[in-house]
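Q: Shown below is the structure under consideration.
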Amino acid sequence: MAKVIVDEMKCIVDTDEEGSDDVYLLTWRGQIPLGDSVVTQTEFTVHGGIDFWDNLDTGETRRGDVTIADYDPRSLYIVQLIEMDFGRDVAGDPRRAYKQILEGQWALALSRTLGQPATLRTAVLTATVRETLRVLNNRAMEFPLGNDDELGPPRRLQLQAASNPAAVEHFTGEGGLYRFTFKVA
């Protein structure tokens, strides 16, 4: 099975936090069922905070094939970059809670969009996942629970294995700017 991969990450400008940046990536994949089905496959992953993802400074580029999700042409992909302060806020129990809540919101959005045209269904599902991530982050990343920072809002990845082999996304927030190149391999 093909995979969605981070091919390159460039720290154009590091954040206004003291010292080098450590970042991690939240990734949601939800298969959009055909027709009136609500049977779907979902995946929520958190990558980063070590190795490829840590001690980033302005102008630094990291290259490497870091797998973040399975690839399915019928799936919707939402990614968000997070700046880590003292350990990942989205790990362990919080990560499991994110996954369960996202899956619940996904199922509700699927049922609300039964019979709708594919473009409308995709728009509603995208908005649902993006908003759910923002709400979860507002709760999990604020004192006293956590202290990590969103580097911009969640973004939809537009990936097509054959005709568009790479997608470039920019993440900005907390004074920082990052460029990611994603590919299917």
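Coordinate-derived values only; no laboratory data. Source: prediction; values computed, not measured.
Q: Would you mind classifying the stretch 31-101 by shape? Square roots of the alpha carbon gyration tensor eigenvalues, ordered a ≥ b ≥ c; an a/c under 1.5 is rounded, otherwise it is prolate if a/b is larger than b/c and oblate if not.
A: Oblate, since a/c reaches 1.5 and b/c is not below a/b.
Q: Further, regarding this structure: If one takes the longest principal axis of the Cα atoms in the chain, at what angle in degrees, from 0 to 90 and to the nearest 10, does the Cα axis of helix 92-112 lie?
A: Approximately 30 degrees, to the nearest 10.
Q: Separate question: Tell me, what ³J(HN,Hα) does each residue in the stretch 119-136 have, in order and in whole Hz, if you take phi through Karplus 6.51 cos²θ - 1.76 cosθ + 1.60 with θ = phi - 60° and put x for Gly and Pro?
A: 5, 5, 4, 4, 5, 5, 5, 4, 4, 4, 5, 4, 5, 5, 4, 4, 5, 4
Q: Could you list which residues have their amide H under 5 Å from that of residue 75, counting only those 5 or more apart in sequence or on another chain, with H placed in the peptide plane?
A: 32
Q: Oh, and also: Per the helix-only calculation at 222 nm, which mean residue ellipticity applies to the chain, given -39500 (n - 2.57) for every DSSP H run of n ≥ 4 and division by its residues, nearest 500 deg cm²/dmol?
A: -8500 deg cm²/dmol
Q: Would you work out if the stretch 95-185 is rounded, prolate or oblate? Take a ≥ b ≥ c from the square roots of the eigenvalues of the alpha-carbon gyration tensor; rounded if a/c is under 1.5, else prolate when a/b is larger than b/c, oblate otherwise.
A: The shape class here is oblate.
Q: Just tell me which lysines come within less than 16 Å, Cα to Cα, of residue 183; anything on the same chain fewer than 8 places away is out.
A: Leaving aside lysines fewer than 8 places away in the same chain, those within reach of residue 183 are 3, 10.
Q: For the chain, just say rounded, prolate or oblate: build the C-alpha gyration tensor, square-root its eigenvalues into a ≥ b ≥ c, call rounded for a/c under 1.5, and beyond that prolate if a/b exceeds b/c, oblate if not.
A: Judged from the Cα gyration tensor, the chain comes out oblate (a/c at least 1.5, b/c at or above a/b).
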